[in-house]
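J.: One structure, pasted below without further comment.
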Amino acid sequence: MKIAISSAWDTVQSMVNGFIALLPNIVLGLIVFILFLFIASRIKVLVKQLTRNRRSARNLGLVLGRLAQGVTVLIGLFIALSILIPSFKVSDLVQLLGISGVAIGFAFRDILQNFLAGILILLTEPFQIDDQIVFKNFEGTVENIQTRATTIRTYDGRRIVIPNSELFTNSVTVNTAFDNRRLEYDVGIGYGDDIDQAKQLMLDAVHSIDEVLKDPAPDVLAMELAGSNVNIRVRWWINPPRRADSLTSRDKVITAIKKTLVANGIDLPFPTQQILFHDQTEETDGNRSRQREGWPSGKGEVPEPHRITDSLKLLAQKQDDGNGKVDSTKVNNE
């Protein structure tokens, strides 16, 4: 029993002595690693500052800053391990990483795919930070483009995190890619209104809005003869092309057009539907000259419209001529 306790005590003493002997290396290794962490963060900030005033190079600065930070931290880790474990060799770690690289690639395939897509997005710059984009059912302002995902802030104050691989392989609409943006709205007028007059009134109303650009100039186009109205499309340009400016100009344009048309007696009709009842007897079926309202009569005589009471009288007369008297019960059932 005493021998076992003595052996255990010797082991503990050996471990404590080894730790004490290794303690200077541990402290030095931690100091070196912390120093490299600080240097890496400063390098990242420096790269961002160099590209902050260049919109076209801002995303590239993010890529270079993060890569420089990662490489610096990795170098500091290797140096710290070399101080902590004198027998440690970088070639051993590289060999180990090479052996396990295939397994890591399969295990983290999605992460690596998003990482590479993020790098390509930052380098090719299909959109930039502060751009307003539309991706599938999401629309908002780009807050940050990371190497794994891109975050956008929706107009109602929510944050959407989208994996970079999704953004890189799918269509994205960038609403702020250019300085100007064209908006449009369809206005329906009555069939009895003068189209040229209505178009001129709409154009004057649009020109009165300060947010509407004079160059390119707004225009109005007759687009459709709809079921109950004539649709005229109003198109105008704004600058800047952001969501708030779009809503403001749309509100002012629609309000001005409505007030102008109403003040000048232009009808803004509701959807209406007209139902016509035609004669469908074998005698008149297909003969347009014998049809009632709703059919073109050509040069022939236009048939007068019939009333239900007239049809009942005609039916009663035919029955009276055939039987000598009128069957009132049958007429009522008809």
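J.: Just to be sure I understand the filter: pairs with C-beta atoms under 6 Å, separated by 6 or more residues or on different chains, first member in the stretch 187-203 and under 12 Å from residue 220 (Cβ atoms) and among the charged types (D, E, K, R), second member at pLDDT 95 or above and buried (at least 18 other Cβ atoms within 10 Å of the Cβ). Which pairs pass?
T.: Short answer, once both residue conditions are applied: 199/220.
J.: Also, quick follow-up: Restricting attention to the stretch 175-186, does a residue exist that is under 23 Å from residue 69 (Cβ atoms) and touching a strand residue (DSSP E or B) at 6+ places or on another chain (Cβ under 6 Å)?
T.: no
J.: Quick test for you: out of 265, 286, pick the one residue that is open to solvent by less than 90 Å² (accessible area, probe 1.4 Å), on the phi > 0 side of the Ramachandran plot and at pLDDT below 65.
T.: Testing whether each residue is open to solvent by less than 90 Å² (accessible area, probe 1.4 Å), on the phi > 0 side of the Ramachandran plot and at pLDDT below 65 leaves just 286.
J.: Here's another thing I want to ask about it. Before we move on, is residue 199 charged (D, E, K, R), under 16 Å from residue 184 (Cα atoms), open to solvent by less than 60 Å² (accessible area, probe 1.4 Å) and not in a loop (DSSP other than H, G, I, E, B)?
T.: Yes; evaluated as a whole, the condition is true for this residue.
J.: Quick one: which residue in 106, 88, 115 is modelled with pLDDT under 85, of a type in the set (A, V, I, L, M, F, W, C) and within 30 Å of residue 24 (Cβ to Cβ)?
T.: Only one candidate passes the filter, namely 88.
J.: A further question on this structure: Given the residues 250, 235, which is the only one that is open to solvent by 60 Å² or more (accessible area, probe 1.4 Å) and touching a residue at least 12 places away in the same chain (Cβ under 8 Å)?
T.: The unique qualifying residue is 250.
J.: Then there's this: Kindly check whether there is at least one residue in the stretch 36-56 that is modelled with pLDDT under 65, closer than 20 Å to residue 146 by Cα and open to solvent by less than 100 Å² (accessible area, probe 1.4 Å).
T.: Within the stretch 36-56, one or more residues are modelled with pLDDT under 65, closer than 20 Å to residue 146 by Cα and open to solvent by less than 100 Å² (accessible area, probe 1.4 Å).
J.: Return the residues of the stretch 215-226 that are open to solvent by 80 Å² or more (accessible area, probe 1.4 Å) and over 28 Å from the mean Cα position of the chain (by Cα); say none if nothing qualifies.
T.: Hit for the stretch 215-226 is 225, nothing else.
J.: So, residue 70, is that one in contact with a helix residue (DSSP H, G or I) (Cβ under 6 Å, 6 or more places away or on another chain), assigned to a helix (DSSP H, G or I), at pLDDT 65 or above and open to solvent by less than 50 Å² (accessible area, probe 1.4 Å) or not?
T.: no
J.: Please work out if residue 154 is modelled with pLDDT of 90 or more and buried (at least 16 other Cβ atoms within 10 Å of the Cβ).
T.: Taking the combined requirement at face value, the residue does not satisfy it.
J.: Could you identify the single residue in 222, 244, 226 that is closer than 30 Å to residue 157 by Cβ and hydrophobic (A, V, I, L, M, F, W, C)?
T.: After applying the criteria, what remains is 244.
J.: Ok, one more. Pairs only if they're at least six apart or on different chains, beta carbon under 7 angstrom, first in the stretch 116-128 and within 21 Å of residue 70 (Cβ to Cβ), second part of a loop (DSSP other than H, G, I, E, B); list them, first residue then second.
T.: Listed pairs, sorted by first residue: 118/146; 118/147; 118/148; 119/147.
J.: For the stretch 194-211, which residues satisfy the criterion of being touching a Phe, Trp or Tyr at 6+ places or on another chain (Cβ under 7 Å) and either over 18 Å from residue 247 (Cα atoms) or at pLDDT below 95 (or both)?
T.: Across the stretch 194-211, there are no qualifying residues.
J.: Which one of these does residue 172 not meet: (1) touching a strand residue (DSSP E or B) at 6+ places or on another chain (Cβ under 7 Å); (2) loosely packed, with under 14 Cβ neighbours inside 10 Å?
T.: (2)
J.: How many of the residues making up the stretch 171-196 are hydrophobic (A, V, I, L, M, F, W, C) and assigned to a strand (DSSP E or B)?
T.: 4
The values are calculated or read from the model by the stated rules, or taken from the named source; none is laboratory data. On a predicted model such as this, the values are computed, not experimentally measured, just so you know. Positions of Cβ are backbone-derived with ideal geometry, glycine not excepted, and every protein chain shown enters the neighbour counts. Protein only, heavy atoms only, side chains kept; ligands, DNA and RNA dropped before computing areas. Shrake-Rupley method; radii C 1.70, N 1.55, O 1.52, S 1.80 Å.
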